[in-house]
Amino acid sequence: MDLIFSFLGQMFIYGLVAVFLENSLLSRAMGSSTAVWLMRDHRLLLPFGAVLTATILLSSIGAYFITPWVNQSVYSYELFPLAYSVIICLFYFIAILATIKVKQPCKQDLRLCIHRSALNSVVLGSVLLSTSYGLDLAGVIGFGLGSGIGYTLAVWMLRVAAPRLRSKAIPKSFRGFPAMLIYIGVLSLAVYGMIGHTVAL
Amino acid sequence: MLKALYQQHRQGFRDYDNILTRNTVLVQGLCIAPVVVAATTLKNACLLGLAFAAITFVSVVLLSFLPKKTPFTLRAIAAVLLACGVFIPTALWVRDLFPGNIQQVGIFLPLLVTNSVLVGKTEESLLHLKKGKMLLKLITYILGFELVILFTGLVRELLAFNTVWGNPVTLPFTFSVMALPFGGFVLLGFLAAAVRRYREHLNKPGSGEEE
């Protein structure tokens with residue numbers, strides 16, 4: 001029983017770290033272009049977040065098991081992206097196959113979400129981070145879940161602010177995208193305040 | 001003069017000018033992460049810029065040889081895996097060119113294999129064009145990214161560390177917050193606003209001779 005609680009506790013802590021302290025979008029700007037796309041088509045935010053979180057979680061677990069093998073090579077740094085991308089692409093392919101029986105128009109939206117979320121720097125970035133930190137399985141699961149949820153929360157915060165960032169009170173040249181970049185910058189400074197030091201690259 | 005040229009060839013600029021008026025990063029919002037987080041010095045920016053150019057150019061050219069009937073899903077997978085293949089020699093090459101800087105750019109070098117020009121724009125616009133036009137557009141995408149990352153790296157290094165390419169420069173202040181993602185986002189925001197302002201100026205009626 002203690003073992004289960006310890007596992008869940010560790011998972012929860014790493015999940016919180018990934019959501020708040022090491023947020024994919026606010027700390028590392030990963031998936032910024034996808035965030036811009038999601039702000040334009042925000043009805044897809046929740047399904048996108050769910051697919052993204054599942055992809056990161058499954059890929060991180062897969063990566064956890066193959067990392068020791070890749071680490072044996074002298075060229076492990078060069079091989080990691082290929083090894084992890086094979087896992088991510090495998091899940092991407094399986095997810096696309098799983099949508100064959102889904103009816104239109106849900107099918108099109110779901111496939112779009114799968115495509116945009118799986119082949120995204122957030123997924124590969126989170127997998128690379130969780131393995132480079134040398135986390136155990138509980139940490140990998142927690143960090144994977146937290147990365148997906150944290151990214152979705154960050155995009156949701158941007159979506160809430162979007163109408164204000166496009167308002168006429170903002171100078172025309174800054175309206176929309178430039179204001180959004182500055183807004184993410186301010187949010188990232190708040191995250192930096194919580195960490196108290198620069199993020200490890 | 002540029003204004004007159006722009007007004008005469010608006011469609012051409014819209015299609016192929018990914019360097020200034022439709023800049024890859026500042027207008028289209030692609031490949032923001034390496035610019036914001038890892039391009040804190042000119043050397044890091046050069047490293048990422050070279051790696052981005054090599055990975056994106058070679059991968060897109062190789063992808064263009066795939067049969068057009070290949071399903072979208074397989075093309076997307078091929079794009080990422082090809083980029084990972086190209087990443088291996090590229091990483092070894094930039095490691096030789098910039099020893100020590102690989103550590104500083106961290107995960108942002110391997111993350112270039114899923115950059116949004118390669119994963120998004122290739123399928124969306126590049127692969128539908130004829131080879132010559134595709135290459136021209138691809139080169140403008142790459143140049144647009146290079147311009148922004150080099151400029152950002154230079155400004156941030158100068159302000160945050162008072163150095164250029166590692167050589168000390170005397171400035172009366174140090175603005176160390178520029179080395180944080182906050183600095184990157186804010187600088188990009190101001191640059192994006194400047195480009196938009198310039199585009200508005202180009203769009204205004206008038207020959208531009210009097211400007």
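Within the range A:27-51, restricting attention to residues that are within 13 Å of chain B (Cβ to nearest Cβ) and within 11 Å of the chain's Cα centre (by Cα), the residue that is farthest from B:L118 (Cα to Cα) is A:R28. In the range A:10-42, of all residues being without any contact (Cβ under 8 Å) to a residue 60 or more places away in the chain and part of a helix (DSSP H, G or I), the one that is farthest from A:G146 (Cα to Cα) corresponds to A:R40. Among the residues making up the range B:174-195, a single one is without any contact (Cβ under 8 Å) to a residue 12 or more places away in the chain and either of a type in the set (V, I, T) or more than 9 Å from chain A (Cβ to nearest Cβ) (or both): B:V186. Taking B:L97 as the residue in question, decide whether it is surrounded by fewer than 16 Cβ atoms within 10 Å (Cβ to Cβ) and facing chain A (nearest Cβ under 8 Å). For B:L97, the condition - surrounded by fewer than 16 Cβ atoms within 10 Å (Cβ to Cβ) and facing chain A (nearest Cβ under 8 Å) - is not met.
Could you list, in sequence order, the residues of the range A:137-161 that are among the aliphatic types (A, V, I, L, M), closer than 30 Å to B:R199 by Cβ and surrounded by fewer than 19 Cβ atoms within 10 Å (Cβ to Cβ)? Residues satisfying the conditions are A:M157, A:V160, A:A161. Based on this model, can you work out whether A:V86 counts as in a helix (DSSP H, G or I), closer than 16 Å to B:L112 by Cα and touching a residue at least 40 places away in the same chain (Cβ under 8 Å)? No: the conditions fail for A:V86. Filtered by the rule that a residue be outside any helix (DSSP H, G or I) and aromatic (F, W, Y), the range B:38-87 gives a lone residue, B:F65. A:P171 fails exactly one of the following numbered conditions: (1) crowded, with 16+ Cβ neighbours inside 10 Å; (2) within 11 Å of chain B (Cβ to nearest Cβ); (3) not in a helix (DSSP H, G or I). What is the number of that condition? Looking at each condition in turn, A:P171 falls short on (1). Among the residues of the range A:175-188, are any in contact (Cβ under 8 Å) with a residue 24 or more places away in the chain, within 10 Å of chain B (Cβ to nearest Cβ) and among the small types (G, A, S)? Yes, because at least one residue in the range A:175-188 is in contact (Cβ under 8 Å) with a residue 24 or more places away in the chain, within 10 Å of chain B (Cβ to nearest Cβ) and among the small types (G, A, S). Report whether or not B:E123 is within 14 Å of chain A (Cβ to nearest Cβ) and acidic (D, E). Spelling it out, B:E123 is indeed within 14 Å of chain A (Cβ to nearest Cβ) and acidic (D, E).
All of the numbers you see were taken from the coordinates with simple rules; none came from a lab. Because the structure is predicted, anything quoted here is derived from the model rather than measured. Positions of Cβ are generated from backbone atoms using ideal geometry, with glycine treated the same way; all protein chains shown enter the neighbour counts.
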